[in-house]
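Heads up, the thing below is written out as structure tokens.
The values are calculated or read from the model by the stated rules, or taken from the named source; none is laboratory data. As the structure is a prediction and not an experimental result, all values here were calculated from the model. Cβ placement follows ideal geometry from the backbone for every residue including glycine, while neighbour counts extend to all protein chains displayed.
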């Protein structure tokens, strides 16, 4: 069930950002793109080729858009940029890394397990896809897994706890600095009310957070995450709903300041608006790496 909301209207920063990309990439795109579509998506390259994408330039423009939003709106929180690299070759991830990017998001367990050993250990991997309990073992073997953003059941939380503990020595062999570290998790909330979306219903976020805190000593409830509408965009009511859930979770956990909990909301089409509305973690993929190739 979606929550009530208060509308906001300012999107000028994002519009200017999109215009800059459109001028640069018009030779690759048709003029029929919708307002909410991403104007910098390159055509998918053959699976055997590395797409010709200006990753460093795209990253710079996304960062500039976030900085402008924070400056013009006098925002006091920080917004982390997670580069979503699903289906992308490690060469493009390396280009982002070379441009200073350290937080990367992946949707598929096996793809992340294959990419992680090929990339530097100081990368912070965010798992942002739907996670089946039977895949937790593979995921928890990755030493620099920073956060699982899609926890939505007690069963999954218990399995992550079990596997995180069981694989501690294996992770430490790969990266000694990982020894003794707990795993951060976000509660995924279905703020759009769509049956096709994963995530708990808004009223169930606080009880799940309390269950994890009480039963999973090696997991840390670090925030909440939402995807938004069916077309993977979000509207102000989705963001307001997640903020309300954060308040409920903070109250349930007895936290003196709800802002210690992160809000992971906003993607390529709406990251500036999400940041304006309080997001501390935006997940941007095609705007950085180009259109995804699902035929690989």
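So, restricting to helices (runs of 4 or more DSSP H) that lie completely within segment 180-296, which ones have at least 1 residues that are at pLDDT 95 or above, within 26 Å of residue 92 (Cα to Cα) and in contact with a strand residue (DSSP E or B) (Cβ under 9 Å, 6 or more places away or on another chain)?
Values: elements: 205-215, 236-253, 271-276, 286-289.
Output list reads 271-276, 286-289.
Find the residue count for segment 62-79, including only residues that are part of a helix (DSSP H, G or I) and surrounded by fewer than 19 Cβ atoms within 10 Å (Cβ to Cβ).
If we filter segment 62-79 for residues that are part of a helix (DSSP H, G or I), which is where we start, we get 62-72.
From what's left, surrounded by fewer than 19 Cβ atoms within 10 Å (Cβ to Cβ): 63-64, 67-68, 70-72.
Total meeting the criteria: 7.
Give 146, 157 a once-over and let me know the one that is under 21 Å from residue 224 (Cβ atoms) and buried (at least 22 other Cβ atoms within 10 Å of the Cβ). Don't jump to the end; show me each part of the working.
Values: 146 fails: buried (at least 22 other Cβ atoms within 10 Å of the Cβ).
Only one candidate qualifies: 157.
Checking the conditions here, which among 207, 202 is surrounded by fewer than 17 Cβ atoms within 10 Å (Cβ to Cβ), under 17 Å from residue 261 (Cα atoms) and in contact (Cβ under 8 Å) with a residue 40 or more places away in the chain? Step through it out loud before you land on a result.
Values: 202 fails: surrounded by fewer than 17 Cβ atoms within 10 Å (Cβ to Cβ).
That would be 207, the only listed residue that is surrounded by fewer than 17 Cβ atoms within 10 Å (Cβ to Cβ), under 17 Å from residue 261 (Cα atoms) and in contact (Cβ under 8 Å) with a residue 40 or more places away in the chain.
Restricted to segment 85-97, and to residues that are in a helix (DSSP H, G or I) and in contact with a helix residue (DSSP H, G or I) (Cβ under 9 Å, 6 or more places away or on another chain), which residue is nearest to residue 62 (Cα to Cα)?
The residue in question is 96.
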